[in-house]
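**Student:** Questions regarding the structure given below will be posed in turn.
The values are calculated or read from the model by the stated rules, or taken from the named source; none is laboratory data. In this text, all values refer to a predicted model and were calculated from it rather than measured experimentally. Neighbour counts run over all protein chains shown; Cβ positions are idealised from the backbone, glycine included. Ligands, DNA and RNA are stripped out before the accessible areas are found, and what is left, the full protein with its side chains, is counted by its heavy atoms. Shrake-Rupley method; radii C 1.70, N 1.55, O 1.52, S 1.80 Å.
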Amino acid sequence: MASTLRNIHGKRSNLQSEFTGNGGSKRRNLHDHDTDNNVIGSDDTVYRFLCPVKKTGSIIGKGGEIAKQIRSETKSNMRINEALPGCDERVVTIYSTNEELNRFGDEGELVCPALDALFKVYDVVVADIDDNDDDDDDGDDLSKKQTVTVRMLVPSDQIGCVIGKGGQVIQNLRNDTNAQIRVIKDHLPSCALALSHDELLQIIGEPLVVREALYQVASLLYDNPSRFQHLLLSSPSSMHQPGAMLMSAALTSSHRNYAVHRDITDAREFCVCFICPSENVGGVIGKGGGFINQIRQETGATIRVNTSETDDDDCIIFISSKEFYEDQSPAVNAAIRLQQRCSEKVGKDANDLAISTRLLVSSSQIGCLIGKGGAVISEMRSVTRANIKILQKEDVPKIAREDEEMVQITGNPDAAMKALTQVILRLRANSFDMDHGLVLLPTSLPYTESSNKSKYAKRDDYTKLNSNSKRRNNVS
């Protein structure tokens, strides 16, 4: 049975050799021994487990004792992000290097520390569900089968290893484990990365069935690390910023030496300028200024409602902050949180909800949004699935200045938010002369055998391995 478990890792006869600098290894770990635990390396293993908010306490424990115990026992790192407003799940980011392996399960299977920790988190959450069910049990429903759900966020360039060519891998996983396994691309929770880099992996079934499926999926993700996973980890301060899980230095940073002395004159002011329908201004300000003051306090941005530049239909909402490029951006955070209140609803009815967001952008910066031959704006449209237009001259509202053009974003709230994020992060990178600082991924990357050949050694096709092997029903 142990050999069938190892098949999921590519038929290796000795797991240890996969991590010792073997020239043919897919996962050669390039870390030095003094690796910063606050940084995810390109060859580390990373899992992002979605934990229901009401179950998070069972992972953290009193005074954080359970989380500390999991970290200590598995020698892995674990971050539990703050809950975002309106989201009933929290992201538990589990990551580790692969220099040392842990014994896992009754048979002592060798696995990386992150996979070991993932299952300790799973066991704690499922045990908490069991306890709650026992409390509610009236003794008449003992024959009912318990069903559990596991949800994980997976970068779009990594999810292909779970789906496989033509969906063959995911179908084999379903057949092999009897679990319901789905990859969801739309209507993601708000804790997902806002730039369309995430897809949602969902596994449903009885606890042991889900555990088996999770093991197989986690093994595939281990074998196929995302090329962009070093950007997945929020800095400690970002965990307290709503909307902070975005793939850019503006909102996510792996830098930790913020205390180093920096010349304040090197900081630059970054501004976002919304055109807001006049009828929406009350919602932006809130009763007694409550809402706008809350956003100011929580993000640290300066927000002004410019009544001096107002016509009958529109006014200006001016958001700014003085910041360093490598830090989180108060202005970006505030703009994302204010977007819906500054936008016009353009859907025909409640079932066709869409919003239109308008920004004023200096003519000197508009080129960074267009790109050569329109490449950048086309890519943003493709990634976000929103309609993005740049309007000039007579098409720009009178409220704009002569040296300003208007960017108009239209789409459902989720697509519009992703498009706004793309636009303002590009504007920010341009204002800091750091246009290379934003990583942009397509909505999904096709999974092909040749996609990894340049970086990793060729490995056996999982579909061939799985077609002739019957996995055991339980992974301990």
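**Student:** For segment 78-113, enumerate the residues that are under 15 Å from the mean Cα position of the chain (by Cα) and among the polar types (S, T, N, Q).
**Tutor:** Within segment 78-113, N81, T93 meet the criteria.
**Student:** Here's a follow-up. Taking the condition over 17 Å from I319 (Cβ atoms) and surrounded by 12 or more Cβ atoms within 10 Å (Cβ to Cβ), does V423 pass?
**Tutor:** Here the answer is no, as V423 does not meet what is asked.
**Student:** Condition check: within 22 Å of G282 (Cβ to Cβ) and either open to solvent by 60 Å² or more (accessible area, probe 1.4 Å) or out of contact with any strand residue (DSSP E or B) (no Cβ under 8 Å at 6 or more places or on another chain) (or both). Does I336 satisfy that?
**Tutor:** Spelling it out, I336 is indeed within 22 Å of G282 (Cβ to Cβ) and either open to solvent by 60 Å² or more (accessible area, probe 1.4 Å) or out of contact with any strand residue (DSSP E or B) (no Cβ under 8 Å at 6 or more places or on another chain) (or both).
**Student:** I would also like to ask the following. Restricting to segment 374-390, and then to whatever is aliphatic (A, V, I, L, M) and not in a helix (DSSP H, G or I), can you tell me which residue is farthest from the chain's Cα centre (by Cα)? Walk me through how you get there before you give the answer.
**Tutor:** First, pick out the residues of segment 374-390 that are aliphatic (A, V, I, L, M): 375-377, 380, 383, 386, 388, 390.
In the following step, the residues that additionally are not in a helix (DSSP H, G or I) were identified as 386, 388, 390.
Working: A386: 19, I388: 23, I390: 28 Å.
By that ranking, first place goes to I390.
**Student:** So Y258 fits all but one of (1) within 25 Å of T97 (Cβ to Cβ); (2) at pLDDT below 75; (3) open to solvent by less than 20 Å² (accessible area, probe 1.4 Å); (4) part of a loop (DSSP other than H, G, I, E, B); what number is the exception?
**Tutor:** For Y258, the exception is condition (3).
**Student:** Does segment 322-330 include one or more residues that are modelled with pLDDT of 90 or more, assigned to a loop (DSSP other than H, G, I, E, B) and not charged (D, E, K, R)?
**Tutor:** no
**Student:** For segment 395-409, indicate whether the set of residues that are at pLDDT below 85 and either assigned to a helix (DSSP H, G or I) or touching a Leu at 6+ places or on another chain (Cβ under 7 Å) (or both) is non-empty.
**Tutor:** Among the residues of segment 395-409, at least one is at pLDDT below 85 and either assigned to a helix (DSSP H, G or I) or touching a Leu at 6+ places or on another chain (Cβ under 7 Å) (or both), which makes the answer yes.
**Student:** Related question: Which of the residues spanning segment 362-394 are charged (D, E, K, R) and loosely packed, with under 12 Cβ neighbours inside 10 Å? Spell out the reasoning first.
**Tutor:** Residues of segment 362-394 that are charged (D, E, K, R), as a first pass: 372, 379, 381, 385, 389, 393-394.
Within segment 362-394, K372, K393, E394 qualify.
**Student:** Scan segment 49-62 and report the pairs whose first residue is touching a residue at least 40 places away in the same chain (Cβ under 8 Å) and in a helix (DSSP H, G or I) and whose second residue is hydroxyl-bearing (S, T, Y) and surrounded by fewer than 21 Cβ atoms within 10 Å (Cβ to Cβ), with Cβ atoms within less than 9 Å and a gap of 6+ or a chain change.
**Tutor:** none
**Student:** Quick one: would you say I40 is in contact with a Leu (Cβ under 6 Å, 6 or more places away or on another chain) and either assigned to a loop (DSSP other than H, G, I, E, B) or at pLDDT below 90 (or both)?
**Tutor:** Yes; evaluated as a whole, the condition is true for this residue.
**Student:** Now for a different question. Do you know which of the residues in segment 192-221 that are buried (at least 21 other Cβ atoms within 10 Å of the Cβ), among the hydrophobic types (A, V, I, L, M, F, W, C) and part of a strand (DSSP E or B) is nearest to the chain's Cα centre (by Cα)?
**Tutor:** Checking each candidate, the answer is L201.
**Student:** Ok, one more. Among the residues of segment 276-295, is there at least one that is among the acidic types (D, E) and under 26 Å from I366 (Cβ atoms)?
**Tutor:** No: segment 276-295 contains no residue that is among the acidic types (D, E) and under 26 Å from I366 (Cβ atoms).
**Student:** Output the residues belonging to segment 68-88 that are open to solvent by less than 20 Å² (accessible area, probe 1.4 Å) and assigned to a strand (DSSP E or B).
**Tutor:** M78
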